[in-house]
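Heads up: the structure comes next, in C-alpha coordinates.
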Amino acid sequence: QVRPPSLSLAAVTYSLSPVTELFAPIRTVRLTRNREKDSKMIEKQLQQGDLVICPEGTTCREPYLLRFSPLFAEKTDHIVPVAIDFHVSMLYGTTAGGYKSLDPVFLLMNPTSHCSLTILEKLPRSYTGKGGKSKFEVANHVQALIGKALNFECTSLTRKDKYMILAGKRHGSIGVVGEFNIADDLVSLAYCKMDRGRVMGLAEGFRLLLSVIKEL
(Lines give C-alpha, C1' and ligand atoms only; values in the text may rest on other atoms or scores of the structure.)
Protein backbone atom coordinates (compact mmCIF):
# COMPACT_ATOMS: atom_id res chain seq x y z
CA GLN A 1 0.00 0.00 0.00
CA VAL A 2 1.35 3.41 -0.99
CA ARG A 3 1.06 6.04 1.73
CA PRO A 4 0.48 9.73 0.92
CA PRO A 5 3.75 11.76 1.12
CA SER A 6 2.48 13.76 4.10
CA LEU A 7 2.05 10.56 6.08
CA SER A 8 5.02 8.49 4.88
CA LEU A 9 7.61 11.26 5.36
CA ALA A 10 8.42 13.00 8.63
CA ALA A 11 11.22 15.20 9.94
CA VAL A 12 12.70 15.18 13.42
CA THR A 13 13.13 18.64 14.93
CA TYR A 14 14.62 20.28 17.99
CA SER A 15 14.22 23.79 19.37
CA LEU A 16 11.70 24.85 16.77
CA SER A 17 8.71 26.97 17.69
CA PRO A 18 5.17 25.64 17.21
CA VAL A 19 4.71 28.42 14.63
CA THR A 20 7.52 27.06 12.47
CA GLU A 21 6.20 23.50 12.80
CA LEU A 22 2.75 24.74 11.81
CA PHE A 23 4.18 25.97 8.49
CA ALA A 24 6.10 22.75 7.85
CA PRO A 25 4.93 21.00 4.65
CA ILE A 26 5.62 17.58 6.20
CA ARG A 27 4.91 16.04 9.57
CA THR A 28 7.38 16.93 12.33
CA VAL A 29 8.43 14.98 15.40
CA ARG A 30 10.33 16.59 18.26
CA LEU A 31 13.60 15.28 19.66
CA THR A 32 14.08 15.37 23.42
CA ARG A 33 17.90 15.22 23.56
CA ASN A 34 17.43 12.13 25.68
CA ARG A 35 19.32 9.49 23.73
CA GLU A 36 17.24 6.53 24.88
CA LYS A 37 13.90 8.24 24.21
CA ASP A 38 15.03 9.64 20.87
CA SER A 39 16.36 6.27 19.78
CA LYS A 40 12.99 4.61 20.44
CA MET A 41 11.15 7.45 18.73
CA ILE A 42 13.30 7.17 15.60
CA GLU A 43 12.73 3.41 15.46
CA LYS A 44 8.98 3.96 15.71
CA GLN A 45 8.98 6.60 12.97
CA LEU A 46 11.03 4.44 10.63
CA GLN A 47 8.41 1.70 10.95
CA GLN A 48 5.82 4.19 9.67
CA GLY A 49 7.80 5.58 6.74
CA ASP A 50 10.82 7.61 5.72
CA LEU A 51 12.46 10.03 8.12
CA VAL A 52 14.45 13.24 7.59
CA ILE A 53 17.21 13.80 10.16
CA CYS A 54 19.69 16.65 10.48
CA PRO A 55 22.75 14.92 12.00
CA GLU A 56 24.33 18.29 12.88
CA GLY A 57 21.44 18.99 15.24
CA THR A 58 21.58 22.69 14.39
CA THR A 59 22.37 25.11 11.59
CA CYS A 60 25.67 26.71 10.64
CA ARG A 61 25.82 30.13 8.98
CA GLU A 62 29.31 29.65 7.59
CA PRO A 63 30.61 27.14 4.98
CA TYR A 64 31.37 24.47 7.58
CA LEU A 65 29.74 21.25 8.72
CA LEU A 66 29.62 20.45 12.43
CA ARG A 67 30.23 16.92 13.65
CA PHE A 68 27.41 14.53 12.73
CA SER A 69 25.65 12.60 15.48
CA PRO A 70 25.91 8.86 14.71
CA LEU A 71 22.41 8.10 16.06
CA PHE A 72 20.91 7.86 12.56
CA ALA A 73 23.51 5.25 11.60
CA GLU A 74 22.42 3.00 14.48
CA LYS A 75 18.83 2.67 13.33
CA THR A 76 18.94 1.93 9.62
CA ASP A 77 21.22 0.96 6.75
CA HIS A 78 18.98 2.68 4.21
CA ILE A 79 20.62 6.11 4.19
CA VAL A 80 20.28 8.74 1.47
CA PRO A 81 22.43 11.86 2.13
CA VAL A 82 20.87 15.19 1.18
CA ALA A 83 22.91 18.40 0.91
CA ILE A 84 21.02 21.64 1.60
CA ASP A 85 22.48 25.13 1.17
CA PHE A 86 20.20 28.04 2.10
CA HIS A 87 21.06 31.70 1.48
CA VAL A 88 19.23 34.83 2.59
CA SER A 89 19.79 38.43 1.54
CA MET A 90 19.23 40.25 4.83
CA LEU A 91 17.99 38.37 7.91
CA TYR A 92 18.73 34.87 9.13
CA GLY A 93 15.71 32.69 9.70
CA THR A 94 17.02 31.13 12.91
CA THR A 95 18.05 32.66 16.21
CA ALA A 96 20.43 31.30 18.83
CA GLY A 97 18.84 33.04 21.79
CA GLY A 98 15.89 35.18 20.76
CA TYR A 99 12.19 34.52 20.26
CA LYS A 100 11.96 31.31 18.24
CA SER A 101 8.34 32.01 17.28
CA LEU A 102 9.56 34.94 15.16
CA ASP A 103 11.95 32.85 13.06
CA PRO A 104 9.43 32.51 10.18
CA VAL A 105 8.82 36.28 10.33
CA PHE A 106 12.50 37.09 9.97
CA LEU A 107 12.83 34.60 7.15
CA LEU A 108 9.88 36.04 5.23
CA MET A 109 11.23 39.58 5.68
CA ASN A 110 14.12 38.78 3.34
CA PRO A 111 13.73 40.45 -0.07
CA THR A 112 15.26 37.35 -1.64
CA SER A 113 16.31 33.88 -0.53
CA HIS A 114 17.76 30.88 -2.31
CA CYS A 115 17.82 27.22 -1.39
CA SER A 116 19.66 24.49 -3.25
CA LEU A 117 19.03 20.84 -2.46
CA THR A 118 21.11 17.97 -3.78
CA ILE A 119 19.98 14.37 -3.25
CA LEU A 120 23.04 12.13 -3.28
CA GLU A 121 23.27 8.44 -3.98
CA LYS A 122 22.04 6.00 -1.36
CA LEU A 123 24.92 4.63 0.71
CA PRO A 124 26.13 1.25 -0.56
CA ARG A 125 25.94 -1.65 1.86
CA SER A 126 29.74 -1.58 2.30
CA TYR A 127 29.49 1.87 3.95
CA THR A 128 26.78 0.92 6.45
CA GLY A 129 26.64 -1.00 9.70
CA LYS A 130 25.77 -4.19 7.84
CA GLY A 131 28.91 -3.68 5.78
CA GLY A 132 31.06 -3.76 8.90
CA LYS A 133 31.35 0.00 9.48
CA SER A 134 30.91 1.48 12.93
CA LYS A 135 28.23 4.13 13.49
CA PHE A 136 30.97 6.75 13.78
CA GLU A 137 32.52 5.73 10.46
CA VAL A 138 29.12 5.93 8.79
CA ALA A 139 28.40 9.37 10.28
CA ASN A 140 31.82 10.71 9.27
CA HIS A 141 31.44 9.32 5.76
CA VAL A 142 28.03 10.95 5.31
CA GLN A 143 29.46 14.24 6.62
CA ALA A 144 32.30 14.02 4.08
CA LEU A 145 29.90 13.32 1.20
CA ILE A 146 27.67 16.27 2.06
CA GLY A 147 30.66 18.51 2.68
CA LYS A 148 32.03 17.69 -0.75
CA ALA A 149 28.66 18.32 -2.42
CA LEU A 150 28.37 21.73 -0.75
CA ASN A 151 32.08 22.57 -0.95
CA PHE A 152 31.96 23.04 2.84
CA GLU A 153 34.74 22.20 5.27
CA CYS A 154 34.03 19.35 7.69
CA THR A 155 34.85 19.97 11.36
CA SER A 156 34.72 18.00 14.59
CA LEU A 157 32.90 20.81 16.41
CA THR A 158 29.65 19.85 18.11
CA ARG A 159 26.41 21.76 18.56
CA LYS A 160 27.51 22.59 22.12
CA ASP A 161 30.84 23.94 20.85
CA LYS A 162 28.97 26.19 18.42
CA TYR A 163 26.87 27.81 21.13
CA MET A 164 29.87 28.21 23.43
CA ILE A 165 31.66 30.06 20.65
CA LEU A 166 28.62 32.23 19.96
CA ALA A 167 28.24 33.00 23.65
CA GLY A 168 31.91 33.84 24.06
CA LYS A 169 31.90 36.19 21.08
CA ARG A 170 28.81 38.00 22.21
CA HIS A 171 29.23 38.34 25.95
CA GLY A 172 32.64 37.05 26.91
CA SER A 173 30.96 34.41 29.08
CA ILE A 174 28.45 31.63 28.72
CA GLY A 175 26.15 32.40 31.63
CA VAL A 176 24.00 34.98 29.87
CA VAL A 177 23.03 33.13 26.72
CA GLY A 178 19.37 33.76 25.98
CA GLU A 179 19.14 37.12 27.75
CA PHE A 180 18.43 39.02 24.53
CA ASN A 181 15.52 41.33 23.88
CA ILE A 182 13.80 41.17 20.54
CA ALA A 183 15.38 44.30 19.03
CA ASP A 184 18.91 43.36 20.10
CA ASP A 185 18.39 39.93 18.61
CA LEU A 186 17.41 41.58 15.33
CA VAL A 187 20.77 43.36 15.32
CA SER A 188 22.53 40.06 15.97
CA LEU A 189 20.63 38.30 13.18
CA ALA A 190 21.22 41.02 10.62
CA TYR A 191 24.72 42.16 11.48
CA CYS A 192 26.55 39.86 9.09
CA LYS A 193 24.19 40.64 6.21
CA MET A 194 23.94 44.45 6.36
CA ASP A 195 26.17 47.39 7.22
CA ARG A 196 25.94 48.51 10.86
CA GLY A 197 24.12 51.77 10.10
CA ARG A 198 21.25 50.03 8.33
CA VAL A 199 21.06 47.38 11.03
CA MET A 200 20.85 49.92 13.86
CA GLY A 201 18.22 51.92 11.97
CA LEU A 202 16.14 48.80 11.42
CA ALA A 203 16.47 47.83 15.08
CA GLU A 204 15.41 51.29 16.28
CA GLY A 205 12.37 51.14 14.03
CA PHE A 206 11.51 47.74 15.45
CA ARG A 207 11.87 49.05 19.03
CA LEU A 208 9.49 51.89 18.19
CA LEU A 209 6.98 49.44 16.73
CA LEU A 210 7.13 47.30 19.87
CA SER A 211 6.57 50.32 22.13
CA VAL A 212 3.47 51.26 20.11
CA ILE A 213 2.12 47.70 20.33
CA LYS A 214 2.60 47.64 24.11
CA GLU A 215 0.55 50.80 24.50
CA LEU A 216 -2.39 49.48 22.47
> Does the range 69-98 hold any residues that are under 17 Å from Thr13 (Cβ atoms) and part of a loop (DSSP other than H, G, I, E, B), and which are they?
Replying inline: Ser69, Gly93, Thr94, Thr95, Ala96
> Hey, among the residues in the range 14-31 that are modelled with pLDDT under 85 and either part of a strand (DSSP E or B) or among the hydroxyl-bearing types (Ser, Thr, Tyr) (or both), which one's surrounded by the fewest Cβ atoms within 10 Å (Cβ to Cβ)?
Replying inline: Tyr14
> What's the number of the condition Ala139 fails, among (1) surrounded by 15 or more Cβ atoms within 10 Å (Cβ to Cβ); (2) in contact with a strand residue (DSSP E or B) (Cβ under 8 Å, 6 or more places away or on another chain); (3) part of a helix (DSSP H, G or I)?
Replying inline: (2)
>> Leu102 - would you say it is farther than 21 Å from Gly147 by Cβ, of a type in the set (A, V, I, L, M, F, W, C), assigned to a helix (DSSP H, G or I) and within 14 Å of the chain's Cα centre (by Cα)?
In response: no
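Residue-by-condition table, conditions (1) among the charged types (D, E, K, R); (2) open to solvent by 60 Å² or more (accessible area, probe 1.4 Å); (3) touching a helix residue (DSSP H, G or I) at 6+ places or on another chain (Cβ under 6 Å); (4) at pLDDT 90 or above:
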{"residue": "Cys60", "(1), (2), (3), (4)": "no, no, no, no"}
{"residue": "Leu65", "(1), (2), (3), (4)": "no, no, yes, no"}
{"residue": "Phe72", "(1), (2), (3), (4)": "no, no, no, no"}
{"residue": "Ile79", "(1), (2), (3), (4)": "no, no, no, yes"}
{"residue": "Val88", "(1), (2), (3), (4)": "no, no, no, no"}
{"residue": "Gly93", "(1), (2), (3), (4)": "no, no, yes, no"}
{"residue": "Lys100", "(1), (2), (3), (4)": "yes, no, no, no"}
{"residue": "Asp103", "(1), (2), (3), (4)": "yes, no, yes, no"}
> Is it fair to say Lys160 is more than 25 Å from Leu22 (Cβ to Cβ) and either acidic (Asp, Glu) or open to solvent by 40 Å² or more (accessible area, probe 1.4 Å) (or both)?
Replying inline: yes
>> With the requirement that a residue be open to solvent by 30 Å² or more (accessible area, probe 1.4 Å) and part of a helix (DSSP H, G or I), what does the range 42-53 give you?
In response: Glu43, Lys44, Leu46, Gln47, Gln48
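The values are calculated or read from the model by the stated rules, or taken from the named source; none is laboratory data. In this text, all values refer to a predicted model and were calculated from it rather than measured experimentally. Counting neighbours? That spans all protein chains shown, and the Cβs are built from the backbone with ideal geometry, glycine included. Only protein heavy atoms, including side chains, enter the accessible area calculation; ligands, DNA and RNA are left aside. Shrake-Rupley method; radii C 1.70, N 1.55, O 1.52, S 1.80 Å.
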